[in-house]
Amino acid sequence: MLVGAGVGFTPMLSMLHATRHHDRPLWYVHGTSDGDHHALRHEVDALVAANPRAVQHVAYSRPGRDDVHGRDYHARGRITAASLLGLGAGSQAHYLLCGPPSFLADIRNGLEAAGVPPRMIHSETFGPAG
């Protein structure tokens, strides 16, 4: 199982394109502030809909007035190790993470503390050195 989680969209979108013909389960997890900042939403929706093994989970930290829970986003708040583990992928899933260094460190530390082996956690940073 692959769990892709991030606040950046380009590497995560590339992962979605690359895995569309794989037969393993895939969770695409994206965090952003609200629907106005939800990059490439329609392209991601189409890719997830075309892959019967893919599931999307979107978290908005500050949903807007027009954002509808269950339609536009699935959880309020930020992506955390606990929220990723709550999706049920388990400790033997590959976790592909993308985001600023502090985001990645928090999630990596939480996943490792919960028993996910470091070799199962892969990351790509972007943004300020944070």
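No value in this document is a laboratory result; all are computed from the given coordinates. Being a predicted model, the structure only gives us computed values, none of them experimental. Note: ideal-geometry Cβ built from the backbone for every residue, glycine included; neighbour counts use all protein chains shown.
Taking other residues whose beta carbon is less than 12 angstrom from the beta carbon of D72, and scoring Lys, Arg as +1 and Asp, Glu as -1, yields -1. Translational diffusion coefficient of the chain at 4 °C, 1.567 mPa s, Stokes-Einstein with Kirkwood Rh over Cα pairs, in µm²/s as a whole number. It diffuses with D of about 88 µm²/s by this estimate. Taking the Cα centre of the chain as reference, the dipole from Cβ charges on Lys and Arg (+1) and Asp and Glu (-1) amounts to some 220 debye.
Ranked by how many other Cβ atoms sit within 10 Å of their own Cβ, fewest first, the residues F126, F103 fall in the order F126, F103.
Modelled spin-label separation between A18 and R78, with each label point placed 7 Å from Cα along the Cα-to-Cβ direction: 2.6 nm.
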